[in-house]
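Notes follow once the structure below has been shown.
We did not get these values from a lab; they are worked out from the coordinates using the rules stated. This structure is a prediction, so every number in the text was calculated from the model and none was measured. Positions of Cβ are backbone-derived with ideal geometry, glycine not excepted, and every protein chain shown enters the neighbour counts.
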Amino acid sequence: MSEPAIIKVNGLTKTYEVGDVPVHALRGVDLEVDPTLWIADDGASLPVGVSARIGVTKAAERELRFYARGNPSVSGPRALSP
C-alpha cells in the first residue's frame, strides 16, 4: 500500500483580469505531491535582489519581488539582476 500524498489539491483555479477580460491561468487543476519528494541544499549561495514587482500596478512602488541576483532564470530587465 502506498503512502498518501503530502499535498493534495483538487479543482485549483486561478483567473486574472486584464482590463475587462478574464484570463484563466488554471482551470480545475488537480495536484498531488508524492511523499518521496525532497529538497536538498546544494550549497550554492547567490545574493538576494529586491525590486518592484513586474506587471503589477497596485502598490507597484513597494519592493515585494525577491530573487537570486545573477541567476539567468530571473525574468525582467537585466538591470534588476547585475
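Some values worked out for this structure:
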{"quantity": "Residues of the stretch 47-58 classified as loosely packed, with under 10 Cβ neighbours inside 10 Å, assigned to a loop (DSSP other than H, G, I, E, B) and aliphatic (A, V, I, L, M), total", "calculated": "0"}
{"quantity": "All positions within the stretch 10-47 that are of a type in the set (S, T, N, Q) and closer than 23 Å to SER73 by Cβ", "calculated": "SER45"}
{"quantity": "Total residues in the stretch 25-54, condition of a type outside the set (Asp, Glu) and under 14 Å from ALA5 (Cβ atoms)", "calculated": "5"}
{"quantity": "The stretch 14-46: number of residues that are assigned to a loop (DSSP other than H, G, I, E, B) and surrounded by 10 or more Cβ atoms within 10 Å (Cβ to Cβ)", "calculated": "3"}
